[in-house]
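Data block below; observations after.
The values are calculated or read from the model by the stated rules, or taken from the named source; none is laboratory data. These numbers come from a predicted model, not from an experiment. So basically every Cβ, Gly included, is an ideal-geometry build from the backbone, and we count neighbours across all protein chains shown. The protein model used for the area step is the full one, side chains on, heavy atoms only, and it has no ligands, DNA or RNA in it. Shrake-Rupley method; radii C 1.70, N 1.55, O 1.52, S 1.80 Å.
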Amino acid sequence: MRKRDLEIALQAIAPHPNPKVHLEQYTTPADIAADILFSACYTYEDIRGKSVLDLGTGTGRLAIGAAILGAEQVVGIDVDAATVQSALSDSKRMQLKVDWVVGDIESVQDPFDTVIMNPPFGTKQEHADIRFLRVALKVGKVIYSIHKSTTHSFISRWLKDAGAESEILMTTKMLIPHQYNFHHKRRHVVVVDVLRIVRG
């Protein structure tokens, strides 16, 4: 599959139906999701034939993308039932097998080859991003995770202390649309790092 075709497929997946500010819910842009998944699949061989977990899946763009690229097992978990229902509807429409779970990320116990996630940045709930990383390191061998570039020094130190190795897969700009009352611009640009993390 061409990366552009994957991006088009992911673009057709619905955004968050009712984003909640305390959960810092932002839909992962289709182009960024496609870049991550394409690299994970074809450069690092972390998707095809692997078990893949999407923590905080939202409407499922990363999980569905992993299924499209041939993951053997895909699980998407999110505490927000409405977004999981939206993800379920899209995966059914696309005739893809994904196991969707409504629940807290800390309920995950089974091991996975690969974890992919776009966690909260930790701006509304301090260190929410670390909570996601802690769970990812517990259950995943390799993790792909999106973080604000401004937090890179802190995140990299935390990962090193946790015994994990990390590298910046890419640095890019994430466009966040106006969707909360505190947003004053039509679109807000956040520079993010996509990290590839290997558990020690």
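Based on protein heavy atoms only, the stretch 1-145 ends up with 43 Å² per residue of surface accessible to a 1.4 Å probe. Working from label points 7 Å from Cα in the Cα-to-Cβ sense, the Gln11 to Ser107 distance is 3.5 nm.
In the stretch 1-98, what percent of the accessible surface is made up of carbon and sulfur (1.4 Å probe, ligands and nucleic acids excluded)? The C+S portion of the solvent-accessible surface of the stretch 1-98 is 50 percent.
Keeping all protein chains in place and using 1.4 angstrom, which order do His16, His127, His147, His152 fall into by accessible surface area, from largest down? Don't skip to the end; give the middle numbers.
Values: His16 30, His127 90, His147 5, His152 55 Å².
The residues order as His127, His152, His16, His147, largest area first.
Counting only DSSP beta bridges whose two residues both lie in the chain, roughly 50 percent are antiparallel. Here the dipole of the chain is about 480 debye; that uses its Cα centre as origin and unit charges on the Cβ of Lys and Arg (positive) and Asp and Glu (negative).
Measuring only protein heavy atoms, the 1.4 Å probe finds Arg131 accessible over about 80 Å². Mean Kyte-Doolittle of at least -0.5 plus a Cα span of 15 Å or more along the axis: flag which DSSP H helices in the chain meet both, please. Length and hydropathy pass: 81-93, 128-139.
Report the calculated FRET efficiency for Met94 and Gln125 (r = Cβ-Cβ distance, R0 = 35 Å), to the nearest 0.05. Before the final figure, lay out each step's value.
Values: r = 32 Å, r/R0 = 0.92.
FRET efficiency, Met94 to Gln125: 0.65.
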